Amino acid sequence: MRRNVAESRLGVLGGTFDPVHLGHLIIAEWVREKLSLSKVLFVPAGQPWVKEGIQISPGEHRLEMVRLATASNPNFEVSTLDLERPGPTYSLDTIVGLQERLGAGASLHFIAGLDALAGLASWREPRRLVESCQVVGVRRPGHEELDWRSLEAAVPKASQRIMVVDAPLIDISATDIRMRVARGLSIRYLVPDAVERYMAQHRLYV
């Protein structure tokens, strides 16, 4: 997965993707275009540390849904890095692993919602994470600003390493999608059609 200089500006969007939905795709494309990134890598988590002890769908299903969701966009790619690694998935490990695979020339832009970044201080080695890549915070409904004073107290110079970008405030959640499927409600326009068909075929979330 080594790239030339022209392809060195890469977005990294990690997540459980249980399931991947249109909100993920919109944010990825919006940030890619706004920051002139060559690609956005979708990195499905193995076992997210924040969900340790919580049952999630098998990795092969989540991976296939991400592949189906991103197939039509040549600027999106899927990495199996975190699914291949045993144990809890941490964002720092994702970034370090990608840097090892891609080489020193790759400029990684780690994309996360401000709702997630609000808890950055509790992540594994947050200072090392923000020093290892460009962190891109995306505004989310109800989470449109960061408490920079508190964040700086826990993660020095965080404000210098986190770039906040505007994106459409689309309130779609994987939790809501799973609940709707379980109740037999429509999820049309919440996930790509191919993902909806895959979910029905494998009876996910019913």
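Farthest toward the positive end of the dipole of the chain, out of Leu35, Phe76, Ser173, is the Cα of Phe76, where the dipole comes from beta carbon charges about the Cα centre.
For Gln160, the shell of other residues with beta-carbons less than 15 Å away shows a net charge of +3, using +1 for Lys and Arg and -1 for Asp and Glu.
Calculate, for Glu60 and Ala153, the FRET efficiency according to 1/(1 + (r/R0)^6) with r their C-beta to C-beta distance and R0 45 Å; round to the nearest 0.05.
0.60
The order of Ser72, Ser173, Ser91, Ser57, going from fewest to most other C-beta atoms within 10 Å of their C-beta, is Ser72, Ser173, Ser57, Ser91. Looking at the chain only, what percent of DSSP beta bridges run antiparallel? Nearest 5 please. Just about 5 percent of them are antiparallel. For the pair Leu169 and Trp49, label points projected 7 Å from Cα toward Cβ lie 3.1 nm apart. Every Cα-Cα pair of the range 1-156 was included, and the share exceeding 23 Å stands at 35 percent. For the chain, the longest stretch holding no trypsin sites (Lys or Arg not before Pro) located in a DSSP loop with at most 10 other Cβ atoms within 10 Å is which? Free of exposed loop sites, the longest segment is 3-182.
Relative contact order for the range 114-200: 28 percent, from Cα pairs under 8 Å spaced at least 6 residues apart, divided by residue count. Summing Lys and Arg as +1 and Asp and Glu as -1 over all other residues whose Cβ lies under 12 Å from the Cβ of Val136 gives a net charge of +4. Given +1 at the Cβ of Lys and Arg, -1 at the Cβ of Asp and Glu and no other charges, the dipole of the chain around its Cα centre is 160 debye to the nearest 20. Dipole magnitude for the range 111-156: about 120 debye, using +1 per Lys or Arg Cβ and -1 per Asp or Glu Cβ, origin at the Cα centre.
Between Thr80 and Arg183, the modelled labels are 3.7 nm apart [label points 7 Å from Cα along Cα→Cβ].
Rank the residues Ile187, Ile170 as a footprinting-exposure proxy: fewest other Cβ atoms within 10 Å of their Cβ go first.
Ile170, Ile187
Taken together, the values in this text are just the output of simple stated rules run on the coordinates, not laboratory data. Because the structure is predicted, anything quoted here is derived from the model rather than measured. Cβ sites come from the backbone with ideal geometry, for glycine too, and all protein chains shown count toward neighbours.
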